[in-house]
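Written out below as structure tokens is the structure these notes cover.
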Amino acid sequence: MGRKRINQVRRLALAACAAVVCAFVWLLYSLGRPYARFEQEMLLDVPRGAGTRKIAAMLEQAGVIRSRWQLLAVQLLRPRSRLQAGEYRFGEPASAFRVFDRLARGDVFYYEVTFPEGSNIFDIGGILEQHGLITAREFRMAAANPALIRDLAAAPSLEGYLFPATYRITRHTTAMQLARDMTDAFRRAWRSLGGRTDVHRTVTLASLVEKEAALDAERPLVASVYRNRLARGMRLDCDPTTIYAAMIEGRWRGVIHRSDLESAHLYNTYQHDGLPPGPIANPGLKALEAALQPAETGYLYFVVKGNGSSAHVFSTNIEAHNRAVAEYRRGQQKGKTTGPATGVSRARKARGD
């Protein structure tokens, strides 16, 4: 081969190398350049089992990346990375590298959902369904299985052990996964209180306290009333247990009727002695603490005050209780109290034991 030919080959090789370098530099520039075709914040749900090609096409169609080939190019540069399913939020321009890294890390969008103290499985299911995350039926089915807390208590369901708090939930979180997170949170709360007594009995009592006492300062007093009545063999006459029985049977109408009070359901403490078979709601830390350490009192009754506050009047005998009930009724007539009386021996059913 002549020198002239050799020089031509060298020039062609150098040109090819320069072209490759330029192409590579342009590729890196393209992959590193922020891009967004969407105008408003958007959520993109990547399904389980989706391959890189399908995900790249979804991102291109949504306007997150300029071209699907960009994501495939990043995959070639990072062959060990695997893109993860989930719902991702995109709110600002981002480079293909950044988008790829987010999907590889599984940086999915979380919904922060709060379940208030005193929520029961029906309430929790409703909250989840309102957020469009898990149906109420799916959650109730998961909560009906007590397997997650079988080592703690012989409970009929997870009711009482789904600790009320704020949880981070993704679009792909299952009802069982959430139930596990909530029971794990209960375990941590129980350990923090140093609970060593009968777990199920304590949690059941705490659920009654949670539903009856709106004020933290009154929780130990309410717990003492129930403890004292149990010690004397008196029925608890707890309205929330009557409501819960009606919920279980699907006949709760928003107001307690005589038929609810006379129901033979095991959760109705107007008709059955002792505590109900299990919790009627999920108590918070203060209610659990009150159930573990009730106040030392002689109280046997309580009823809402007639001044429109959330506080209660506590009594040691039926005569004093009836006077408190009369005051509550006067408050109703004056429009200071609008809800039903709460507490042992309802205002419209006050009686001796």
Checklist entry - If you go through region 83-96 one residue at a time, do you hit one that is part of a helix (DSSP H, G or I), out of contact with any His (no Cβ under 8 Å at 6 or more places or on another chain), touching a residue at least 60 places away in the same chain (Cβ under 8 Å) and surrounded by 14 or more Cβ atoms within 10 Å (Cβ to Cβ)? => result yes
Item to check | Thr135 vs. criteria farther than 24 Å from Glu249 by Cβ and among the β-branched types (Val, Ile, Thr) | outcome: no
Next on the checklist: Going through Gly284, Gly306, Gly278 one at a time, which residue ends up being surrounded by fewer than 24 Cβ atoms within 10 Å (Cβ to Cβ), touching a helix residue (DSSP H, G or I) at 6+ places or on another chain (Cβ under 8 Å) and at pLDDT below 95?
Outcome noted: Gly306
Item to check | Residue match in region 210-226 (condition: touching a residue at least 40 places away in the same chain (Cβ under 8 Å), of a type outside the set (D, E, K, R) and outside the structural domain of Asn317 (by TED's automatic domain parsing)) | outcome: no
Next on the checklist: Looking at region 114-122, can you tell me whether even one residue there is within 25 Å of Glu212 (Cα to Cα), touching a residue at least 12 places away in the same chain (Cβ under 8 Å), in contact with a strand residue (DSSP E or B) (Cβ under 9 Å, 6 or more places away or on another chain) and not in a helix (DSSP H, G or I)?
Outcome noted: yes
Checklist entry - Which is crowded, with 17+ Cβ neighbours inside 10 Å and outside any helix (DSSP H, G or I), of Ala153, Ala179? => result Ala153
Checklist entry - Can you find a residue in region 172-184 that is in the same structural domain as Arg137 (by TED's automatic domain parsing), of a type in the set (D, E, K, R) and modelled with pLDDT under 95? => result no
Next on the checklist: I need the helices (runs of 4 or more DSSP H) fully contained in region 245-343, keeping only those with at least 2 residues that are under 33 Å from the mean Cα position of the chain (by Cα) and outside the structural domain of Arg187 (by TED's automatic domain parsing).
Outcome noted: 258-261, 285-292
Checklist entry - Taking region 75-85 as the region of interest, how many residues are at pLDDT below 90 and either closer than 14 Å to Tyr35 by Cβ or touching a strand residue (DSSP E or B) at 6+ places or on another chain (Cβ under 6 Å) (or both)? => result 0
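Only one of Ala206, Ala213 is within 22 Å of the chain's Cα centre (by Cα), among the aliphatic types (A, V, I, L, M), over 20 Å from Ala153 (Cβ atoms) and crowded, with 22+ Cβ neighbours inside 10 Å; which?
Working: Ala206 fails: over 20 Å from Ala153 (Cβ atoms).
Only one candidate qualifies: Ala213.
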Checklist entry - When region 114-133 is examined, which residues are found to be surrounded by 15 or more Cβ atoms within 10 Å (Cβ to Cβ) and either assigned by TED's automatic domain parsing to the domain that holds Met42 or modelled with pLDDT under 95 (or both)? => result Leu133
Checklist outcome for this item: Note on Phe302: of the conditions (1) without any contact (Cβ under 8 Å) to a residue 60 or more places away in the chain; (2) of a type outside the set (S, T, N, Q); (3) in contact with a His (Cβ under 7 Å, 6 or more places away or on another chain), unmet is (1)
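The values are calculated or read from the model by the stated rules, or taken from the named source; none is laboratory data. Bear in mind that the values here come from a model prediction, so they are computed numbers and not experimental data. Virtual Cβ from ideal backbone geometry, glycine too; neighbours counted across all protein chains shown.
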